[in-house]
1. If only one of Gly61, Gly67, Gly48 is modelled with pLDDT under 90, of a type outside the set (D, E, K, R) and over 13 Å from the mean Cα position of the chain (by Cα), which one is it?
2. When the residues of the range 74-109 are narrowed to those that are among the charged types (D, E, K, R) and not in a loop (DSSP other than H, G, I, E, B), which ends up nearest to Val55 (Cα to Cα)?
Amino acid sequence: MGFLLNMKVNISPDLEGDLRSHSQDMIKEDFVDKVIYMAKHESPKLTGNNRDSIVAKKASGGIGGFGWKIGTTSRYGGFLELGTAKMPARPYFAPSIKNAFEIMKEKYG
């Protein structure tokens with residue numbers, strides 16, 4: 001992957017219990033798919049290459065022994081998200097993650 005987000009997520013004990021009672025597919029549907037959808041919508045769209053390269057892959061670790069790696073296969077997704085010395089940041093993942101957590105808090109909170 002060109003740009004990979006490595007995130008540590010702290011979940012409140014109440015919400016953690018609710019999440020553990022759901023399947024991996026439920027968590028993917030409620031969080032990962034929402035992050036991907038929102039990130040694709042928010043990604044800068046000059047050519048659409050970065051938007052089209054946003055993916056998620058199942059990984060070990062995380063809640064209940066599994067997790068997800070979310071990133072882009074474009075070589076410049078990280079530069080768009082974080083900026084460079086010559087280009088301001090145009091975050092698309094950070095707002096998407098925040099919005100997905102808000103949706104989860106409303107649904108499971």
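1. Sole residue among the options that is modelled with pLDDT under 90, of a type outside the set (D, E, K, R) and over 13 Å from the mean Cα position of the chain (by Cα): Gly61.
2. The qualifying residue nearest to Val55 (Cα to Cα) is Glu81.
The values are calculated or read from the model by the stated rules, or taken from the named source; none is laboratory data. All of these numbers come straight from a predicted model, not from anything done at the bench.
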